[in-house]
Structures are given as structure tokens and as C-alpha cells.
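So the structure is just underneath, and the comments pick up after that.
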Amino acid sequence: MKLVVAGFGQCGGRIADEFARLSKKAKRQRGIEIITNCYAVNTDAADLSGLKYIGKDYQHRILIGSRKTGGHGVGKINELGSEIAKEDSDKVIDVIRQTKRFFETDAFLFIASAGGGTGSGSVSVMTQHIKERYADKPIYNLIILPFEHEETTEGRTVYNTATCLKSCYSVADAVFLVDNQRFVRKDTSIKGNIDKINEMIAAPFYNMLCAGEEKKAKYVASKVLDAGDIIQTLVGWTTIGYGRASLPMIRFSREGDRNFMEKGQDTLRGIQAMDEAISELSLKCNPLDSRRALYLISAPSKEMNMDLVKALGDYMRDLAPEALIRNGDYPRERGQLDVTVILSELSDVEKVRSIYSKSITYMSESQKRQEETEIKLKELIDASETLPSLF
Ligand SMILES: Nc1nc2c(ncn2[C@@H]2O[C@H](COP(=O)(O)OP(=O)(O)OP(=O)(O)O)[C@@H](O)[C@H]2O)c(=O)[nH]1
Ligand SMILES: [Mg+2]
């Protein structure tokens with residue numbers, strides 16, 4: 001599957017940069033193209049210059065709203081981010097239109113954090129503009145939810161997140177949700193290591209995008225997972241995850257030499273990897289709520305057998321009985337077995353519900369605070385009424 005990727009705001013830009021790295025890796029290691037072009041869009045010039053892999057020119061690092069912000073960001077006011085995106089959307093669409101071999105692109109992926117200002121405000125607006133322009137290509141959002149401590153210390157973060165989620169859900173074909181907090185839980189040593197987190201966010205997409213683009217016969221799957229399968233799976237709230245199991249170093253070279261015990265081990269390893277993928281999903285959710293699901297097994301071809309594929313299919317069916325399940329295999333990885341899982345069309349997402357409700361509380365509290373402040377300021381002005389002014 002080939003994507004046009006664009007990141008909005010600092011977080012979006014950095015993760016798009018990570019996708020640009022994966023795109024280079026796919027070309028170098030596998031000779032295939034998974035991203036037709038990659039952009040970063042920001043109101044902050046300094047953030048744009050900190051990227052590594054996205055083209056350095058102004059047609060890949062796109063500065064918007066410089067008249068309004070002086071190139072210094074919107075300081076968490078996502079309404080301003082959305083206003084700027086409305087004004088400058090043509091600037092972004094014009095460069096995307098010039099993507100070489102744009103016609104080969106299967107879909108768009110627009111990335112942003114929900115808690116900031118620029119990305120949070122602009123991603124849904126840009127998604128809507130692209131949708132109006134290119135009705136035939138699906139557009140997906142990858143939205144990063146704030147760390148827990150940001151939610152508790154800064155009410156505005158929750159408000160931005162809620163308004164961003166509501167707007168994205170109403171325009172994008174699917175919204176991948178990624179909870180920053182999940183990555184801290186996974187490995188405390190990476191707390192504060194944002195590059196590592198970004199790497200982990202983008203990693204599950206790699207084999208998924210490569211599988212359908214593989215040209216070399218020996219790496220082409222027996223059941224190819226192509227863009228059509230992915231597009232048919234992605235609807236509404238979506239999570240993605242992947243797990244891996246390492247394979248024993250020494251293997252019998254002929255299939256016939258392997259006994260049923262070893263085949264049983266293969267299946268067990270596959271189940272382990274799928275378990276990990278489910279427990280490491282980008283957002284905590286209940287697989288029972290999923291209406292569409294997909295899994296991809298990537299392993300050396302001799303590790304892939306019908307028993308394994310069937311066992312994982314049965315397992316997935318138990319986890320997500322309401323879902324229409326698609327699958328594929330990708331005979332690529334060396335020395336390990338990877339399982340990538342997507343759960344989509346989630347009918348309920350606890351995290352989203354909690355953010356909506358926290359945001360409504362925040363709104364009424366901040367309105368009350370505002371009214372109290374106005375009353376106090378008026379009292380202060382009244383106290384100075386009889387004093388002369390110097391003007
Ligand atoms: N995973 C991840 N999260 C990030 C990154 N940078 C910022 N965040 C998160 O994104 C939120 C802040 O949004 P930013 O992307 O910095 O904001 P922005 O879109 O640039 O908007 P303004 O700076 O307000 O103009 C917070 O929740 C951060 O924890 C990143 O590189 N990776
Ligand atoms: Mg910023």
C-alpha cells in the first residue's frame with residue numbers, strides 16, 4: 001500500500017519524519033515504495049528545521065500562518081490552528097497535488113497530536129479539504145493522545161483533545177488512536193525518550209505497508225494482504241499493534257524433517273506474538289467492540305504453514321467474534337515471527353468517552369472561573385473610581 005503522509009504540528013511532523021525514515025528503509029532493504037511523498041506542516045519554523053528525513057525544501061516542510069504567529073506556533077490554542085489551516089489549506093493541497101506518481105497513491109495518512117494547538121486544530125480541517133478534493137482516495141488520521149500527567153495538569157489539553165477527536169471522527173475515513181501513556185507503561189526507561197516512542201508508534205505500519213508492494217517472487221505471500229484489504233478494514237475508531245516472537249537459531253532445512261512437536265511450537269509462538277500485539281495495541285480497547293479486524297503474519301516462509309495461519313485465525317475469531325476478519329502472510333522476516341493486528345470500527349472506546357466527559361467538566365469550570373474573574377476585576381476597577389487618571 002502506498003501512502004501520502006503529512007504530519008501537522010510538532011508531534012505530527014516528528015512522526016511523519018519517522019514514516020519518511022521507514023520509507024527510505026523499505027527502498028534500501030526491500031526495493032519497494034510505500035510512501036509516495038511525506039510532508040511536515042507547522043506554524044512553527046524551528047520545529048520544521050529539527051526534522052531529519054523529510055525533504056528540507058519549503059515544499060516538504062510547509063510553514064503556515066506565519067503572518068499570524070510570526071513562525072512561533074499557536075501556543076496550544078487549537079481554534080487558531082484550525083483558522084490558519086482554513087486560510088492556508090491551498091498551500092498544502094498545491095504541494096500534495098504535485099507529488100510524483102500521485103495517481104499510484106492508495107490513501108492519505110495525516111498525523112497530529114490532539115493535545116497541542118497547531119496539529120490538533122489543523123488536522124481535521126486539512127482532512128476535510130483533501131476529502132472534498134480527492135473523493136476517490138481514503139484519508140486516515142493518526143492521532144496521538146496526551147500523557148496522563150498532561151491531562152491532569154492542563155485542562156486545555158483535555159479540551160483540545162476532545163475537540164480534535166470529535167472533528168477528526170466526523171471527516172476521516174478512519175482514526176488510528178495512539179495513547180502516549182501506553183508507551184511509558186511498556187518501558188519506563190524510555191520515559192522522556194520521545195524519538196523512541198515515535199519509532200514504536202510507526203513500526204507496526206512497516207510490514208503492513210510493505211506486504212502488498214512486494215515484487216520479488218520469493219517474498220510474495222501465499223495470501224497477499226494488499227491495499228484493498230487494508231482499505232476495507234479501516235473504518236472509524238481504530239487501533240494497531242504488533243508483537244514478535246524470536247525463532248530458534250538452528251532449524252532443519254527440509255520441511256519433512258520437522259516433526260509435529262516443532263509445528264506445535266511454531267503455532268504457540270504465533271499465538272504468543274498475537275497476544276503481544278493485542279496487549280500492546282496503540283490504545284487500550286476491548287476487541288469485542290471491533291467490527292473489522294486484520295492480522296498479518298510476517299515470518300520466514302518455512303515457518304509459515306497452514307496450521308499456524310488457521311490457529312491465529314481461530315484465536316482472532318475468539319477475541320473479536322463480531323468482526324469481519326481479514327488476514328495475510330508475508331514471508332520476509334529473518335529469525336523472527338511478527339504479527340501485526342488492526343482492530344477497527346470500534347463501537348465503543350472508553351478513553352474517548354472519558355476525554356469527552358472530562359472536557360465538558362473543564363468547559364463549565366472554566367466558564368465559572370471566567371465569570372468570577374470578571375466580577376473581581378470589576379470590583380477592583382470600582383475601587384479606583386474616584387481616583388484621577390494620568391491620561
Ligand atoms: N508521541 C509524541 N508525542 C508528542 C511529540 N511531541 C509532542 N507530543 C505530544 O503532543 C502534545 C503537544 O502537541 P504538539 O504537537 O507539541 O503541539 P503543536 O501541534 O506543535 O501545537 P503548538 O505548539 O501549540 O502550536 C502533547 O500531548 C505532547 O505530549 C512527539 O514527538 N511524539
Ligand atoms: Mg508546536
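Give 346, 337 a once-over and let me know the one that is surrounded by 22 or more Cβ atoms within 10 Å (Cβ to Cβ) and more than 22 Å from the chain's Cα centre (by Cα). Walk me through it before giving the result.
Numbers: 346 fails: more than 22 Å from the chain's Cα centre (by Cα).
Checking each option against the conditions leaves just 337.
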For this session: Can you give me the number of residues within the stretch 191-224 that are touching a residue at least 60 places away in the same chain (Cβ under 8 Å), closer than 15 Å to residue 277 by Cβ and either over 23 Å from the mean Cα position of the chain (by Cα) or within 10 Å of ligand 1 (Cβ to nearest atom) (or both)?
Result: 1
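Residue-by-condition table, conditions (1) small (Gly, Ala, Ser); (2) assigned to a loop (DSSP other than H, G, I, E, B); (3) in contact with a Phe, Trp or Tyr (Cβ under 6 Å, 6 or more places away or on another chain); (4) at pLDDT below 95:
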| residue | (1), (2), (3), (4) |
| --- | --- |
| 267 | no, no, no, yes |
| 272 | no, no, no, yes |
| 291 | no, no, no, no |
| 318 | no, no, no, no |
| 321 | no, yes, no, no |
| 325 | no, no, no, no |
| 329 | no, no, no, yes |
Problem set entry | Candidate set from the stretch 142-176 (those that are touching a Leu at 6+ places or on another chain (Cβ under 9 Å) and part of a helix (DSSP H, G or I)); member that is farthest from ligand 1 (Cβ to nearest atom) | 165
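Would a scan of the stretch 106-124 turn up a residue that is at pLDDT below 95, more than 8 Å from ligand 1 (Cβ to nearest atom) and within 21 Å of residue 163 (Cβ to Cβ)? Steps first, please.
Let us first name the residues in the stretch 106-124 that are at pLDDT below 95, namely none.
The answer is no; no qualifying residue exists.
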Exercise. Out of contact with any helix residue (DSSP H, G or I) (no Cβ under 6 Å at 6 or more places or on another chain) and either in a helix (DSSP H, G or I) or at pLDDT below 95 (or both), is that true of residue 196?
Worked result: no
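If you take the residues of the stretch 274-283 that are in a helix (DSSP H, G or I) and in contact with a helix residue (DSSP H, G or I) (Cβ under 7 Å, 6 or more places away or on another chain), which of them is nearest to residue 179 (Cα to Cα)?
Step one: filter the stretch 274-283 for residues in a helix (DSSP H, G or I), giving 274-279.
Still in the running and in contact with a helix residue (DSSP H, G or I) (Cβ under 7 Å, 6 or more places away or on another chain): 274, 278.
Values: 274: 20, 278: 14 Å.
My answer is 278.
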Exercise. Of the conditions (1) more than 16 Å from residue 11 (Cα to Cα); (2) within 22 Å of the chain's Cα centre (by Cα), residue 69 fails just one. Which one is it?
Worked result: (2)
For this session: Only residues that are over 17 Å from residue 3 (Cα atoms) and either crowded, with 21+ Cβ neighbours inside 10 Å or under 19 Å from the mean Cα position of the chain (by Cα) (or both): list them for the stretch 29-49, please.
Result: 42, 43, 44, 47, 48
For this session: Output the residues belonging to the stretch 103-141 that are in a loop (DSSP other than H, G, I, E, B) and among the basic types (Lys, Arg).
Result: 137
Problem set entry | Single unsatisfied condition, residue 128 versus (1) under 20 Å from residue 41 (Cβ atoms); (2) polar (S, T, N, Q); (3) within 13 Å of ligand 1 (Cβ to nearest atom) | (3)
Exercise. Given 16, 20, which one is closer than 20 Å to residue 92 by Cβ, of a type in the set (Gly, Ala, Ser) and away from ligand 2 (no atom under 16 Å from the Cβ)?
Worked result: 20
Seminar exercise, completed: Among the residues of the stretch 106-159, the number that are within 16 Å of ligand 2 (Cβ to nearest atom), crowded, with 21+ Cβ neighbours inside 10 Å and farther than 21 Å from residue 48 by Cβ is 2
Seminar exercise, completed: Within the stretch 50-103, of all residues that are farther than 24 Å from residue 198 by Cα, away from ligand 2 (no atom under 16 Å from the Cβ) and among the hydrophobic types (A, V, I, L, M, F, W, C), the one surrounded by the fewest Cβ atoms within 10 Å (Cβ to Cβ) is 103
Seminar exercise, completed: The residue from 364, 354 that alone is of a type in the set (Ser, Thr, Tyr), over 30 Å from residue 323 (Cα atoms) and without any contact (Cβ under 8 Å) to a residue 40 or more places away in the chain is 364
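Give the residue, chosen from 21, 67, that is more than 30 Å from residue 104 (Cβ to Cβ), more than 10 Å from ligand 1 (Cβ to nearest atom) and part of a helix (DSSP H, G or I).
Numbers: 21 fails: more than 30 Å from residue 104 (Cβ to Cβ).
Of 21, 67, the one residue that is more than 30 Å from residue 104 (Cβ to Cβ), more than 10 Å from ligand 1 (Cβ to nearest atom) and part of a helix (DSSP H, G or I) is 67.
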For this session: Within the stretch 42-55, identify whether any single residue is in a loop (DSSP other than H, G, I, E, B) and more than 15 Å from ligand 1 (Cβ to nearest atom), and answer yes or no.
Result: yes
For this session: Return a yes/no flag: does the stretch 93-102 have any residue that is in a helix (DSSP H, G or I), in contact with a Ser or Thr (Cβ under 8 Å, 6 or more places away or on another chain), away from ligand 1 (no atom under 16 Å from the Cβ) and touching a residue at least 60 places away in the same chain (Cβ under 8 Å).
Result: yes
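The values are calculated or read from the model by the stated rules, or taken from the named source; none is laboratory data. Predicted model, so just to flag it, every value in this text is computed and none were measured. Note that each Cβ is placed from the backbone with ideal geometry, even for glycine, and that neighbours are counted across all protein chains shown.
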